[in-house]
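Down below is the structure, laid out as structure tokens.
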Amino acid sequence: MSILGVDLSNHNANRGPVNFDELKAAGCGFAWLKATEGVDFVDPSVHAFAAGCVAAELPFAYYHFATPGGSRVPGGYKKWWDAQDEANDFLAALETLPPAPCFPILDFEWSGMDECLPDPRERARWCREWIAIVHAAHASSGATDRARRALELDPSDEGARDAIERANARAGVPSYVQFYSNPNYLYAVTLPDPVINLCPLWYARWTSPPPPFDPAWGWEKWDIWQYTDKGEIDGVTGRVDLNTCESLEPVTFDRRPPQLSPSQRIKRSVRKIRRQCDELALVAAELERGGF
């Protein structure tokens with residue numbers, strides 16, 4: 001039996017409030033929530049949406065809208081945002097949000113990459129780096145770390161061994177990141193790719209019946225299909241993206257994602273401050289060239 005899902009951002013909230021109890025009662029089985037875009041942008045509705053999902057006991061995940069290679073500024077694009085910046089900014093936002101039960105998502109469909117990052121091989125490299133950083137942040141937890149330490153102290157501790165095996169077995173999914181895109185951008189990045197293809201695929205193709213799928217992309221099938229951007233469902237005002245899947249198991253954690261250590265938080269804060277200083281220096285240089 002297929003599972004119905006929605007994906008939500010502040011665009012939906014601008015049309016009216018989202019009632020997650022009504023949404024779940026209408027048959028919705030999951031909600032993917034926009035958390036961040038580029039760098040230094042957190043979706044204004046993500047905290048309320050996450051709280052609604054938690055209260056309604058609705059499975060959810062956070063997604064990042066990627067802007068590989070740059071950000072829009074007056075006069076065009078500037079190439080100063082890289083995958084590390086965007087991945088770390090996304091992870092920093094997750095620190096302020098309830099832990100999601102489902103894998104985080106890289107939303108790869110930004111038209112600006114045609115100008116900022118035209119080489120398909122560089123696009124694939126950008127995705128690999130973002131995926132690797134976010135995957136690593138979710139690849140271990142306090143529970144599994146404690147189990148490893150317990151096993152070091154007592155190799156006969158079967159409970160610790162079972163905990164580690166369960167963590168390693170994760171339904172055969174080798175990546176803790178989902179990858180979202182549509183045919184236009186799947187053809188615009190060098191595929192197949194040894195890292196990108198490890199990710200469960202959230203596939204956007206607004207057609208009915210289910211769309212054809214090109215095995216040249218490197219996946220055998222899609223895991224979740226976004227089949228319309230003009231759906232309607234109780235609990236959401238106006239049109240909404242609708243999705244379907246056969247199971248959420250391939251994209252669901254069997255544990256809570258870990259919290260960052262104090263040293264990791266300090267390092268992220270330092271990187272963010274340095275990036276902001278670099279951006280201010282560029283703006284100052286432009287103003288100086290303009291005679292201000």
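Quick look at the numbers
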item	result
Scan of the stretch 14-40 for residues that are more than 14 Å from the chain's Cα centre (by Cα) and closer than 26 Å to Pro68 by Cα, ordered by number	Asp40
Matching strands (runs of 3 or more DSSP E) fully within the stretch 193-247 where at least 3 residues are closer than 30 Å to Gly52 by Cα and out of contact with any Phe, Trp or Tyr (no Cβ under 6 Å at 6 or more places or on another chain)	224-231, 240-245
Scope the stretch 221-236; condition surrounded by 19 or more Cβ atoms within 10 Å (Cβ to Cβ) and in contact (Cβ under 8 Å) with a residue 40 or more places away in the chain; matching residues	Asp223, Ile224, Gln226, Gly235, Val236
Qualifying residue in the stretch 60-81 (condition: modelled with pLDDT of 95 or more, surrounded by fewer than 16 Cβ atoms within 10 Å (Cβ to Cβ) and in contact with a strand residue (DSSP E or B) (Cβ under 7 Å, 6 or more places away or on another chain))	no
Given (1) closer than 16 Å to Gln84 by Cα; (2) touching a helix residue (DSSP H, G or I) at 6+ places or on another chain (Cβ under 9 Å), index of the condition Ala136 fails	(2)
Answer residue from the stretch 100-115, given it is surrounded by fewer than 21 Cβ atoms within 10 Å (Cβ to Cβ) and over 13 Å from the mean Cα position of the chain (by Cα) and is farthest from Leu198 (Cα to Cα) among those	Glu115
Helices (runs of 4 or more DSSP H) (entirely within the stretch 1-71) containing at least 3 residues that are touching a Pro at 6+ places or on another chain (Cβ under 9 Å), under 19 Å from Cys102 (Cα atoms) and in the same structural domain as Glu129 (by TED's automatic domain parsing)	46-56
Test: Val46 is out of contact with any Phe, Trp or Tyr (no Cβ under 6 Å at 6 or more places or on another chain) and within 30 Å of Leu287 (Cα to Cα)	no
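Yes or no, residue by residue, for (1) at pLDDT 95 or above; (2) aliphatic (A, V, I, L, M); (3) in contact with a Gly (Cβ under 8 Å, 6 or more places away or on another chain); (4) surrounded by fewer than 17 Cβ atoms within 10 Å (Cβ to Cβ):
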| residue | (1), (2), (3), (4) |
| --- | --- |
| Gly238 | yes, no, yes, yes |
| Cys245 | yes, no, yes, no |
| Lys272 | no, no, no, yes |
| Asp278 | no, no, no, yes |
| Leu282 | no, yes, no, yes |
| Phe292 | no, no, no, yes |
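The values are calculated or read from the model by the stated rules, or taken from the named source; none is laboratory data. Everything numeric in this text was worked out from a predicted model, so none of it was measured. So basically every Cβ, Gly included, is an ideal-geometry build from the backbone, and we count neighbours across all protein chains shown.
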